[in-house]
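To start, the structure itself, in structure tokens.
The values are calculated or read from the model by the stated rules, or taken from the named source; none is laboratory data. Bear in mind that the values here come from a model prediction, so they are computed numbers and not experimental data. Note: ideal-geometry Cβ built from the backbone for every residue, glycine included; neighbour counts use all protein chains shown. SASA here: full protein model, heavy atoms, side chains in, ligands and nucleic acids out. Shrake-Rupley method; radii C 1.70, N 1.55, O 1.52, S 1.80 Å.
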Amino acid sequence: MADIPDELIRLERSAEEERAKLAGLTGDEYDEQWRRWRAAMEAVQAAITAYAAATEAGPDEVGQAVKAAVRHTQEDPAVE
């Protein structure tokens, strides 16, 4: 797949950071953070869908390329 826009990488990275913040939370704190993570993931999916439509690429292909680009540029934030 061609170059992935920085905006898609930024959105995916942000969603992964929100996911990593779930670690160790319980109860209401977990629920609130889960909602933040879910909103971030929805933003990523919407951006991937729009980019795929604009480039006539498959959304799954774009999603996999975005995840690979993020993994390539940074370690998993859940490990930190």
Residue check for residue 4: outside any helix (DSSP H, G or I), hydrophobic (A, V, I, L, M, F, W, C), closer than 30 Å to residue 61 by Cβ and in contact (Cβ under 8 Å) with a residue 60 or more places away in the chain: yes
All positions within segment 39-73 that are in contact (Cβ under 8 Å) with a residue 24 or more places away in the chain and within 13 Å of residue 15 (Cβ to Cβ): 40, 41, 43, 44, 47, 48, 66, 67, 70
Single condition residue 33 does not satisfy, out of (1) assigned to a helix (DSSP H, G or I); (2) touching a residue at least 12 places away in the same chain (Cβ under 8 Å); (3) of a type outside the set (Lys, Arg); (4) within 24 Å of residue 61 (Cβ to Cβ): (4)
Filtered residues of segment 1-60 (kept if within 10 Å of the chain's Cα centre (by Cα), of a type in the set (Asp, Glu) and open to solvent by 80 Å² or more (accessible area, probe 1.4 Å)): 17, 42
